[in-house]
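J.: Quick one: the structure is below, questions incoming.
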Amino acid sequence: MGREALGTGRWKGQSGAVKALLESDAIILRGAVRARFARSTLSDIRAQGDTLSMMAEGEPVELELGHAEAVKWVSVLQKPLPTLAHKLGVGPETPAHVLGPLDDAALCEALAGAVVPSAGEASMLIAILREEADLAAALLVSQAHAGLPIWCVYGKGPFKTVSDGTIRSFLRASGYVDSKTSAVSDRLTATRYAPAGKPAPPQRVMATKAK
């Protein structure tokens, strides 16, 4: 998404010049007011003259961005947040083959109805990395199936499993490039890798049995 604007911010008694960043899942304020507001927690979003007003963490937030910019931000913020399935690009027509234990509730929900038993039927791999050996195994499966894109899913913060740097170095050395990242849950994050120069796969329509 990546919108940004300069203006004046006011929150919890703080006031002054800020740079406001509108990301896919949050608003970030830098400058005289420093804060990060998850979009899922925002309410009462509206434009009042030059000001974008909303409630965050039980406190009113005001951002003077100019009328036109405030209206644009309201329009974006009032749209439903993209689902994890949408971020991953997975669905019945673009199914995934999962490598590793599927035990995260958010990931299970995103993949519901969109998991196939073999990589040959899949549009992508979901590789749940618990250790570096899982990364090498995922690469072998991808290479054996015409370079299937790999979503590397790994722990973050106190749940860290394989580091982002390790994943990037290993896959880039194998000719893969990273193109997207997505938070998965409070303990997992994901990065998408595919062979350099490989176009996005066409949507796959799953066959259904004739009645």
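J.: Starting from segment 139-161, take each residue that is on the phi > 0 side of the Ramachandran plot and list its partners that are surrounded by fewer than 18 Cβ atoms within 10 Å (Cβ to Cβ) and at pLDDT below 95, counting only C-beta distances under 6 angstrom and pairs at least six apart or across chains.
T.: Sorted first by the residue in segment 139-161, then by its partner, the pairs are G147/K198.
J.: Moving to a separate point now. Could you say which residue among V98, V141, V153, V61 is more than 30 Å from R30 (Cα to Cα), modelled with pLDDT of 95 or more and not in a helix (DSSP H, G or I)? If you could, list the steps in order and put the result at the bottom.
T.: Numbers: V141 fails: not in a helix (DSSP H, G or I); V153 fails: more than 30 Å from R30 (Cα to Cα); V61 fails: more than 30 Å from R30 (Cα to Cα).
Only one candidate passes the filter, namely V98.
J.: Residues of segment 52-73 being in contact with a Lys or Arg (Cβ under 9 Å, 6 or more places away or on another chain) and either outside the structural domain of S15 (by TED's automatic domain parsing) or not hydrophobic (A, V, I, L, M, F, W, C) (or both), which ones?
T.: If the condition is that a residue be in contact with a Lys or Arg (Cβ under 9 Å, 6 or more places away or on another chain) and either outside the structural domain of S15 (by TED's automatic domain parsing) or not hydrophobic (A, V, I, L, M, F, W, C) (or both), then S53, E57, E59, P60, E62, E64, E69, K72 are the ones that fit.
J.: Now, a different point. Just the residues that are surrounded by 13 or more Cβ atoms within 10 Å (Cβ to Cβ) and either over 25 Å from the mean Cα position of the chain (by Cα) or part of a helix (DSSP H, G or I) (or both), please, taken from segment 31-40.
T.: Correct list: G31, A32, V33, R39.
J.: Are there any pairs, at least 6 apart or on different chains, whose C-beta atoms fall under 6 Å, with the first in segment 1-29 and not assigned by TED's automatic domain parsing to the domain that holds K180 and the second of a type in the set (V, I, T) and in a strand (DSSP E or B), and if so, which?
T.: Here the result reads G9/V18; W11/V61; L21/I28; L29/V18, each pair linking segment 1-29 to a residue that is of a type in the set (V, I, T) and in a strand (DSSP E or B).
J.: Looking at segment 142-161, is at least one residue surrounded by 13 or more Cβ atoms within 10 Å (Cβ to Cβ), over 25 Å from G91 (Cβ atoms) and of a type in the set (A, V, I, L, M)?
T.: no
J.: Please name all residue pairs, on different chains or six or more residues apart, with Cβ atoms under 7 Å, provided the first residue is in segment 39-63 and is on the phi > 0 side of the Ramachandran plot and the second residue is buried (at least 18 other Cβ atoms within 10 Å of the Cβ).
T.: D44/M54
J.: Considering every residue within segment 136-157, establish whether at least one is polar (S, T, N, Q) and in contact with an Asp or Glu (Cβ under 9 Å, 6 or more places away or on another chain). Can you show your working first?
T.: As a first pass, look at segment 136-157 and keep what is polar (S, T, N, Q): 142-143.
When the remaining residues are screened for being in contact with an Asp or Glu (Cβ under 9 Å, 6 or more places away or on another chain), the result is none.
No, segment 136-157 contains no residue that is polar (S, T, N, Q) and in contact with an Asp or Glu (Cβ under 9 Å, 6 or more places away or on another chain).
J.: On the given criteria, is L6 farther than 23 Å from A183 by Cβ and crowded, with 18+ Cβ neighbours inside 10 Å? Break it down into steps so the answer makes sense when it comes.
T.: Details: farther than 23 Å from A183 by Cβ: yes; crowded, with 18+ Cβ neighbours inside 10 Å: no.
Taking the combined requirement at face value, the residue does not satisfy it.
J.: Within segment 111-136, restricting attention to residues that are part of a helix (DSSP H, G or I) and in contact with a strand residue (DSSP E or B) (Cβ under 9 Å, 6 or more places away or on another chain), which residue is surrounded by the fewest Cβ atoms within 10 Å (Cβ to Cβ)?
T.: First, the residues of segment 111-136 that are part of a helix (DSSP H, G or I): 111, 119-121, 132-136.
If we keep only those that are in contact with a strand residue (DSSP E or B) (Cβ under 9 Å, 6 or more places away or on another chain) too, we end up with 111, 119-121, 134-135.
On the way: L111: 20, A119: 19, G120: 11, E121: 15, D134: 19, L135: 21.
Per the criteria, the residue is G120.
J.: Here's a follow-up. Only residues that are under 19 Å from D25 (Cβ atoms), touching a strand residue (DSSP E or B) at 6+ places or on another chain (Cβ under 7 Å) and outside any helix (DSSP H, G or I): list them for segment 64-88, please.
T.: Result: Q78, single match.
J.: Of everything in segment 162-177, what is more than 23 Å from S118 (Cβ to Cβ), part of a loop (DSSP other than H, G, I, E, B) and in contact (Cβ under 8 Å) with a residue 24 or more places away in the chain? Give them in sequence order.
T.: Listed by number, the list holds a single entry, V162.
J.: Could you tell me how many of the residues in segment 57-110 are farther than 23 Å from A38 by Cα and β-branched (V, I, T)?
T.: Residues flagged as farther than 23 Å from A38 by Cα and β-branched (V, I, T) within segment 57-110 amount to 3.
The values are calculated or read from the model by the stated rules, or taken from the named source; none is laboratory data. In this text the structure is predicted, and so the values were computed from the model without any measurement. We place every Cβ from the backbone using ideal geometry, glycine too, and count neighbours over all the protein chains shown.
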